Structure formats: C-alpha cells, structure tokens
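Take a look at the structure below.
The values are calculated or read from the model by the stated rules, or taken from the named source; none is laboratory data. Note that the structure is a prediction, hence the values are computed from the model and not measured. Here the Cβ is made from the backbone with ideal geometry for all residues, glycine too, and neighbour counts use every protein chain on show. The accessibility values were calculated without ligands, DNA or RNA, using every heavy atom of the protein model including side chains. Shrake-Rupley method; radii C 1.70, N 1.55, O 1.52, S 1.80 Å.
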Amino acid sequence: MVSDVHGNARDLARAGEGADALICLGDLVLFLDYADHSRGIFPDLFGAANADRIVELRTARRFEEARAFQRRLWAGIGADRAAAIERAVRGQYAELFAAFPTPTYATYGNVDMPPLWPEYAGPGTTVLDGQRVEIGGWTFGFVGGGLRTPMRTPYEIDDEEYAAKIEAVGEVDVLCTHIPPEVPELVYDTVARRFERGSRALLDAIRRTRPRYSLFGHVHQPLVRRMRIGATECVNVGHFASTGRPWALEW
C-alpha cells in the first residue's frame, strides 16, 4: 500500500512485489517537492529560485502573498497556463500508471486531476472513489480527494460532498482514504509545522462503523503515524515519494 507517490515511478514499479494487490491512496503528481525545490512541475516551469520563494511563503502561512507571487509568474505564461500544467501532469501520469502492477486499486489525492485518470488507468488498475471492492475476502472502501484549504490544490471538495462519499461506502473492513480523520496527532505535519485538513465525517464514520483499519496518507511527516480509535487501527501508510517503501497489510 502506498500514498503520496509524487512522481516516484522508480520505486512504484517495485512496490507490489510479493503482494496480492497494490493499493494506492493518491497524490501521484509532483507539483513541488518541499524537500528538494528543484523537483516538480513548478520548478520545471519557473526555476528553483522561485520554488524556494513559494515554499518560504507557504511555510510561513503567508498564503495571500504566495498567491500574488504565483499570479505574477503565471502572467508570464499567459493563456497557456492550463495547457502547460496539463502537459506536465500527463507526462507524469503516463510514467506512473505504467508502473502500476496488476491488480492495483487506486483513489485520488488532493493534487491529482481525476478527469485524466481514465486515459491512463489500464485494465489492471481499478479506480474507486466513494465505492467498495472485495479483496481477499475483506471489504475495502475508498474515498479520494481532500477538503478545501488555502492551498487550493486541484481535487479539493466541500465537506458535504466528502461526507456523502464516506456515507456511500458504509460499513467496511478497511476504510481507505487520502486524508486522515480529524485527529490533531494525525493531521499535524512536524516539518511543515502546520495542521493539514482532516475529515470530521471520516472520524465519525470510524467511531460509528468500527472498521478493522483506517488507512490514509496526505500528511507527509505526521506527529503520530499510527493510533487506535476504539476498535479501529488508524495508519498513515507513509510518504512514498521520500521512503520508496510500501506499507504491507496482512490478514
């Protein structure tokens, strides 16, 4: 199981070795690497120095300044902005989806572009969002995307829409989401020094339906990677982009 792949196609190609299936919890795209500002779509378009500046502003939570800075940069590209981003994302998706083993079960992250996925997901990859599937006799539910934030990433949705997808999944053995439940220890990123958005609806569903596992990613350096909520084991499966190691679920 992997999450927050962010362009790591090399390790993704080996992530399913020895497993019955690979599960991916989203964020395939690498827009900007906060550990190495020279990597990603943003520095490819605008250079590492501008990437340094945008990371500095965002880390300081100066989001309005960051947006103004980005607007000035994008103004130099003009009307080709959307096309430039889509070309870059398509290049990453072509490489990453080709690395998925068969079978793979995947859902979207907040930086992904869901409308493009059907073009790249081969017959061995099942994409799920607000849906369930049986794997090895257990029922897995999948909910992708993130909630609204000042970062305005591509696949952020309203709390009500997210809650409806959680409700549609219902009772499952394993609840797979991109974002964590809204628990301070699980949503705080110790390197970015901020609380990411977690889901209250997800937390309520965990308490109500008591799945065996709640598995997620999104927070790259969480204060706590694993904890129990009642009968449910909650696990951040890891920042695959930096570790290159999948998390294994055995039963």
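Phi-derived couplings, Karplus 6.51 cos²θ - 1.76 cosθ + 1.60 at θ = phi - 60°, listed residue by residue for the range 216-223: 7, x, 6, 8, 6, 10, x, 4 Hz, with x used for Gly and Pro. 3J(HN,Hα) along the range 198-206: x, 10, 5, 4, 5, 4, 5, 5, 4 Hz, from the Karplus curve 6.51 cos²θ - 1.76 cosθ + 1.60 with θ = phi - 60°, whole Hz, x for Gly and Pro. Amide H contacts for Thr139 (H built 1.01 Å from N in the peptide plane; partners 5 or more residues away or on another chain; cut-off under 5 Å): Asp173, Val174.
The relative contact order of the range 178-245 comes to 33 percent, based on Cα pairs under 8 Å that sit 6 or more residues apart.
Average accessible surface for the chain: 46 Å² per residue, computed with a 1.4 Å probe over protein heavy atoms with every protein chain in place. The orientation-averaged projection of the convex hull spanning the C-alpha atoms of the range 37-159 amounts to 9.3 square nanometres. For Ala48, the shell of other residues with beta-carbons less than 15 Å away shows a net charge of -3, using +1 for Lys and Arg and -1 for Asp and Glu.
Could you please state how large a percent of the accessible area of the chain is carbon and sulfur, counting protein chains only and using a 1.4 Å probe?
Exposed carbon and sulfur together represent 49 percent of the surface.
By DSSP, the beta bridges lying fully in the chain are antiparallel in about 35 percent of cases. Compared with the alpha-carbon gap, the fully stretched path from Ala192 to Asp36 is longer by 54.8 nm at 0.36 nm per residue.
At a threshold of 8 angstrom on Cα-Cα distance, excluding pairs fewer than six apart, so keeping six or more, what relative contact order does the range 28-148 reach in percent? Value for the range 28-148: 20 percent. Working note: Debye formula, equal point scatterers on the alpha-carbon atoms of the chain, no solvent; log10 I(q)/I(0) at q = 0.10, 0.14, 0.16 Å⁻¹ is -0.46, -0.92, -1.20.
Taking the DSSP beta bridges in the range 23-151 as the whole, what percent of them are antiparallel, to the nearest 5?
50 percent
Three principal axis extents of the range 56-114 based on alpha-carbon atoms, in descending order, are 44, 28, 17 Å. Using only Cα coordinates, the Kirkwood hydrodynamic radius of the range 202-251 works out to 11.7 Å.
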